[in-house]
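Student: Starting off with a structure, shown below.
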Amino acid sequence: MANDKLGLNTICTHVGDIADEQFKGAVSPIYLSSSYEFMDVDVKRYPRYFNTPNQEHLSKKVAALEHAEAAMIFGSGMAAISSTLLAFLKSGDHIVVQNDIYGGTRNFIVSHFKDYNIEYTFTKDLSATSFENAIQENTKLIYIETPSNPLLKLVNIFAISKLAKAHNIISVIDNTFASPIIQNPIDLGIDIVIHSATKYFSGHSDICAGAVASSQEHMDTIWNLSKDVGGSLSDFTVWMLERSMKTLGIRFKAQQKNAMKMAKYLDKHDVVKKVYYPGLKSHESHQLAKQQMRGFGAMMSFELKKSVDVSQFLKSLKLIKPSMSLAGIESTMLLPSETSHALLSEDDRLAQGISNSLIRFSVGIESKKDIIADIEQALQNAKA
């Protein structure tokens, strides 16, 4: 049956499986070899070429989920991002970049593009007009991230894809926070979709990986660079990731259901200053979220009032983990100013609205009452 005829959870569970022809096992076997036959074979396989059996088959699952022709699995989200950008940009080229993006991506651009003589412009805001005003004669690529990390800001995906096509520019999106469960940018005209597979694809906080999905033509361009810079993923980790992605749909939906409840609970709390979550009607892009997403996700951020010691609040949590990453089945919180955006200057962080007291909340699958009880006891311990 064609992938486009399959249901979401069926794709997660079955597409990309490797049939165990020898023993008829229910799960894909692992091929750990780093050396394969080269004579009289259709494909010369090598781990760094992204084409071992496990790498190849998992890429089919990612492509199917993102409605793409092809995909690749990388050793990290940043390997996926850097390989994609450098595959399409050369000396003298220019890129338009959304101002509100993951700190690691921004740091990569600011710290290294000058070494390649690649020019860049960060947009003034998230409007299509701001992106269009930043386009130059040598602009080759537009890069967006929506919802954004950590303030859950949204960009009109269709408007950006339309703008890119009008100027013959390649469009790229980081789709990590939404996941393909609730957002498929390729259907809205975006050329290339990137994921930190460490996050929702893995979902268990035990894998570091990245993924890119696009047309076969664009993936060939990305592969041509990537095979030389060596950002591939070990086959054992690929196998673990394929196993984890089988439950992506049910995990994400359970987390999203909890997230809506947590957003409403925090939004009404007397010590919470503001909640950033697209599912709230008060969110500046709530209507846009309803147009281009099939849900509002499981990520949010919030700020506490000055009557609460933020550091003490995080230290007082017992169930929720103060932890560096996100999107695991367990609920986690962190301070972006000390983690995801720590490489930015304080002025840059504040300009993006990322205060030193902003808390990013990755909502897990625990019982709602238990998450709330943990937040409440932590707030009591942290009141100034």
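Student: Sort out which residues of the stretch 340-372 are out of contact with any helix residue (DSSP H, G or I) (no Cβ under 9 Å at 6 or more places or on another chain), in contact (Cβ under 8 Å) with a residue 24 or more places away in the chain and within 24 Å of residue 204 (Cβ to Cβ), and write them in order of number.
Tutor: Scanning the stretch 340-372 gives a single hit, 370.
Student: With the checklist (1) assigned to a helix (DSSP H, G or I); (2) buried (at least 23 other Cβ atoms within 10 Å of the Cβ) in hand, flag the one item residue 165 doesn't pass.
Tutor: That leaves (2) as the condition not met.
Student: Now, a different point. Would the stretch 306-327 turn up any residue that is surrounded by 20 or more Cβ atoms within 10 Å (Cβ to Cβ), under 27 Å from residue 156 (Cα atoms) and either modelled with pLDDT of 95 or more or of a type in the set (A, V, I, L, M) (or both)?
Tutor: Yes: one or more hits.
Student: Could you list, ordered by first residue, the pairs with Cβ atoms under 6 Å in which the first is in the stretch 1-20 and touching a residue at least 40 places away in the same chain (Cβ under 8 Å) and the second is in a loop (DSSP other than H, G, I, E, B) and surrounded by 17 or more Cβ atoms within 10 Å (Cβ to Cβ), at least 6 apart or interchain?
Tutor: Correct list of pairs: 3/15; 12/246; 13/246; 17/28.
Student: Just give me the residues in the stretch 35-58 being under 33 Å from the mean Cα position of the chain (by Cα) and either assigned to a loop (DSSP other than H, G, I, E, B) or not assigned by TED's automatic domain parsing to the domain that holds residue 73 (or both), in sequence order. Can you show your working first?
Tutor: Taking the stretch 35-58 and keeping what is under 33 Å from the mean Cα position of the chain (by Cα), we get 35-36, 43-58.
Selection gives 35, 36, 43, 44, 45, 46, 50, 51, 52.
Student: Now for a separate question. Across the stretch 49-81, which residue is surrounded by the most Cβ atoms within 10 Å (Cβ to Cβ) among those that are of a type in the set (Phe, Trp, Tyr) and farther than 23 Å from residue 325 by Cβ?
Tutor: Pass one, the stretch 49-81, residues of a type in the set (Phe, Trp, Tyr): 49-50, 74.
Checking the rest, the ones that are also farther than 23 Å from residue 325 by Cβ come to 49-50.
On the way: 49: 16, 50: 23.
Of everything passing the filter in the stretch 49-81, 50 is surrounded by the most Cβ atoms within 10 Å (Cβ to Cβ).
Student: Then there is this: So which residues in the stretch 1-20 are loosely packed, with under 12 Cβ neighbours inside 10 Å and modelled with pLDDT of 95 or more? Working first, answer last.
Tutor: Of the residues in the stretch 1-20, the ones loosely packed, with under 12 Cβ neighbours inside 10 Å are 1-2, 4-5, 7, 19.
Listed by number, the residues that qualify are 7, 19.
Student: Still on this structure, I have one more. Would you tally the residues in the stretch 244-278 being assigned to a helix (DSSP H, G or I), within 22 Å of residue 9 (Cα to Cα) and not hydrophobic (A, V, I, L, M, F, W, C)?
Tutor: Quick first cut of the stretch 244-278, residues assigned to a helix (DSSP H, G or I) only: 244-245, 248-267.
Adding the requirement that they be within 22 Å of residue 9 (Cα to Cα) leaves 244-245, 248-260.
With the extra rule that they be not hydrophobic (A, V, I, L, M, F, W, C), the set shrinks to 244, 249, 251, 253, 255-258.
Here the count works out to 8.
Student: What pairs can you find where one residue is in the stretch 194-218 and not assigned by TED's automatic domain parsing to the domain that holds residue 364 and part of a helix (DSSP H, G or I), the other is surrounded by 24 or more Cβ atoms within 10 Å (Cβ to Cβ) and at pLDDT 95 or above, and their Cβ atoms are less than 8 Å apart, with a gap of 6+ or different chains?
Tutor: Final answer for the pair search is 218/192.
Student: Also, quick follow-up: Only residues in the stretch 84-112 that are without any contact (Cβ under 8 Å) to a residue 40 or more places away in the chain and in the same structural domain as residue 226 (by TED's automatic domain parsing) count as the first member; pair them with residues that are among the small types (Gly, Ala, Ser) and crowded, with 21+ Cβ neighbours inside 10 Å, Cβ under 7 angstrom, at least 6 apart or cross-chain, and list the lot.
Tutor: 108/82
The values are calculated or read from the model by the stated rules, or taken from the named source; none is laboratory data. Just so it is clear, the model here is predicted, and its values are computed rather than measured. Every residue, glycine among them, receives a Cβ derived from its backbone with ideal geometry; neighbour counts consider all protein chains shown.
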